[in-house]
Amino acid sequence: MTNSSVAGHRRAVKLAVAASAAALFASACGSDAGAGASGSTAAAGEVSMVHYFSDEGGSKAMAQVLSICEKQSGEKIKNSPAEQEAFKDAILVQLAGSNPPDLLSYWAGAKTQYLVDQQRLAPLDDVWGKAGLDQAIPGALSQAAATYSGKKYLLPLDYHYVGMFYNPKVMAKAGITEMPKTWDEMMTAAEKLKAAGVTPFALGSKNRWPAQFWFDYLLLRTAGPDYRAQLMAGKAKYTDPQVAEAFDRWKQLFDKGYFNSDPNGYDWPDASDMVASGKAAMTLMGTWISGYWDGNNVKAGEGYDFFPFPEITPGVPQASLGPVDGFAISAGAKNKAGAEKVLACLASAEAQQAVALTQGALAPNPKADLSSQNEVMHKAAKVVGEAPVFAFNYDLATTPEMSDAGLNALAQFVNNPADAASALKEAQSTADGVFGGS
């Protein structure tokens with residue numbers, strides 16, 4: 001089977017799963033097909049909400065948020081969580097159908113722009129003004145994450161920062177007391193760790209997306225944010241020398257044995273556990289890892305810390321990277337008035353504080369009291385605040401069709417780094433179809 005047919009088969013399976021998941025969403029939100037089944041139909045006047053905060057931390061956070069927002073808004077919320085990977089395709093199926101949810105979680109960036117272009121989301125400018133959300137969401141974040149085609153469409157709920165999280169004791173034992181600030185310094189540290197019998201970098205890319213952070217930062221630190229933005233928009237090519245350089249640097253790490261074996265066989269919590277246990281020294285991950293480790297009694301500052309991805313090419317802006325989670329109202333919402341009340345609550349300091357503290361996230365609302373967060377999270381907030389650029393990670397920075405193919409290419413590369421050219425050629429073939437290239 002060719003790479004193209006494998007990708008096509010995978011996409012067909014995903015869509016079949018998405019259709020099934022969408023049917024479950026629709027049932028939870030009150031579809032005609034589900035009418036009459038006990039507990040499957042949303043009561044009249046309820047606000048139906050579909051979201052991807054379904055893991056342990058997310059479920060805990062949303063339980064608090066729903067309690068807060070039902071009290072603040074006076075609305076009953078029909079809560080329909082979904083596993084994150086299934087959500088990505090299933091929500092597209094449901095939004096294209098006749099029974100979309102009133103409220104849905106989504107990722108800021110190209111994914112939201114895609115839904116705006118498809119006319120699947122309702123503008124939020126009216127509720128934004130009535131609820132005074134300019135006082136709740138900082139202007140820079142509002143412009144970057146909330147505004148599309150000149151209107152507000154997404155309410156930022158939380159955001160994360162991707163950094164190099166490490167085990168301080170393992171680093172110190174290998175003689176590394178100053179964290180790397182440049183690529184050469186990080187390579188020197190990696191060699192020391194390998195010599196000490198420790199895997200320098202843990203990667204768990206079973207679900208593909210954890211691998212993107214390496215590609216993101218390698219491209220951002222060499223070609224720069226402007227070039228990367230062109231690639232995400234289809235105005236540059238995956239076969240360009242700039243992309244090849246990023247992959248070549250990445251390949252060197254695999255060639256030197258700096259990663260754990262079979263990264264595609266592990267998930268990100270597995271990689272996190274490798275670092276916490278001392279089997280590996282570092283993992284490139286988002287600040288949600290803080291919530292994971294805190295929940296496993298790994299103490300911030302002692303059991304883990306982080307440093308920004310180091311500089312590679314002098315003079316290139318040192319961008320910060322990460323996702324922004326938000327909530328939107330679907331264009332076909334049946335209870336739009338109720339959804340707007342709940343949305344206003346989701347912007348509140350109380351709701352965003354609950355999400356940030358439980359999830360290991362940062363809160364857009366500056367009034368959210370995050371003083372109880374650990375020192376690592378405070379340091380991450382400072383890095384983001386001082387960064388000249390905040391970039392969305394790969395699968396949020398380009399279109400859904402392209403991001404799916406791009407993540408496949410990353411997984412293919414991780415599985416066989418020597419075949420990078422083939423993976424990139426395959427990605428560009430998809431980009432030509434998505435963006436209309438030759």
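The values are calculated or read from the model by the stated rules, or taken from the named source; none is laboratory data. This structure is a prediction, so every number in the text was calculated from the model and none was measured. Every residue, glycine as well, gets a Cβ built from its backbone with ideal geometry; the counts of neighbours run over all protein chains shown. Ligands, DNA and RNA are stripped out before the accessible areas are found, and what is left, the full protein with its side chains, is counted by its heavy atoms. Shrake-Rupley method; radii C 1.70, N 1.55, O 1.52, S 1.80 Å.
Residues in region 242-268 that are among the basic types (Lys, Arg) and surrounded by fewer than 14 Cβ atoms within 10 Å (Cβ to Cβ): LYS256 alone.
Residue count for region 289-327 satisfying the condition of being crowded, with 23+ Cβ neighbours inside 10 Å, in contact with a Lys or Arg (Cβ under 9 Å, 6 or more places away or on another chain) and part of a strand (DSSP E or B): 1. When every residue of region 271-278 is checked against the conditions, at least one turns out to be of a type in the set (Val, Ile, Thr) and closer than 24 Å to GLU85 by Cβ. If the condition is being surrounded by 21 or more Cβ atoms within 10 Å (Cβ to Cβ) and among the aliphatic types (A, V, I, L, M), then region 199-241 contributes ALA202, LEU203, ALA211, LEU218, LEU219, LEU220, ALA223, LEU231, MET232. Taken over region 319-348, the criterion of being modelled with pLDDT of 95 or more and polar (S, T, N, Q) is satisfied by SER330, ASN335, SER348.
Being at pLDDT below 95, open to solvent by less than 60 Å² (accessible area, probe 1.4 Å) and on the phi < 0 side of the Ramachandran plot narrows it down to one residue among LYS88, LYS78; which is it? It would help to see each step written out before you state the result.
On the way: LYS78 fails: at pLDDT below 95.
Residue meeting the stated conditions: LYS88.
What residue, among those in region 366-421 that are of a type in the set (D, E, K, R) and either closer than 22 Å to TYR161 by Cβ or not in a helix (DSSP H, G or I) (or both), is least open to solvent (accessible area, probe 1.4 Å)?
Filtering region 366-421 for residues that are of a type in the set (D, E, K, R) and either closer than 22 Å to TYR161 by Cβ or not in a helix (DSSP H, G or I) (or both), the one least open to solvent (accessible area, probe 1.4 Å) comes out as ASP395.
Can you work out which of the residues in region 133-174 that are closer than 15 Å to ASP325 by Cα and charged (D, E, K, R) is surrounded by the fewest Cβ atoms within 10 Å (Cβ to Cβ)? Looking at residues that are closer than 15 Å to ASP325 by Cα and charged (D, E, K, R), I get LYS152.
Look at region 165-194 and say how many of its residues are in a loop (DSSP other than H, G, I, E, B) and hydroxyl-bearing (Ser, Thr, Tyr).
Keep residues of region 165-194 that are in a loop (DSSP other than H, G, I, E, B), which gives 167, 174-181.
Still in the running and hydroxyl-bearing (Ser, Thr, Tyr): 177.
Qualifying residue count, region 165-194: 1.
Considering only residues that are in a loop (DSSP other than H, G, I, E, B) and under 25 Å from PRO225 (Cβ atoms), look in region 342-365 and name the one that is nearest to the chain's Cα centre (by Cα). Write out each step before concluding.
Going residue by residue through region 342-365, those that are in a loop (DSSP other than H, G, I, E, B) are 347-348, 360-361, 363-365.
Okay, now just the ones that are also under 25 Å from PRO225 (Cβ atoms), so 361, 363-364.
Working: ALA361: 12, ALA363: 15, PRO364: 16 Å.
Ranking the qualifying residues of region 342-365, first place goes to ALA361.
Scanning region 84-112 for residues that are without any contact (Cβ under 8 Å) to a residue 40 or more places away in the chain and closer than 28 Å to PHE390 by Cα gives a single hit, GLN84.
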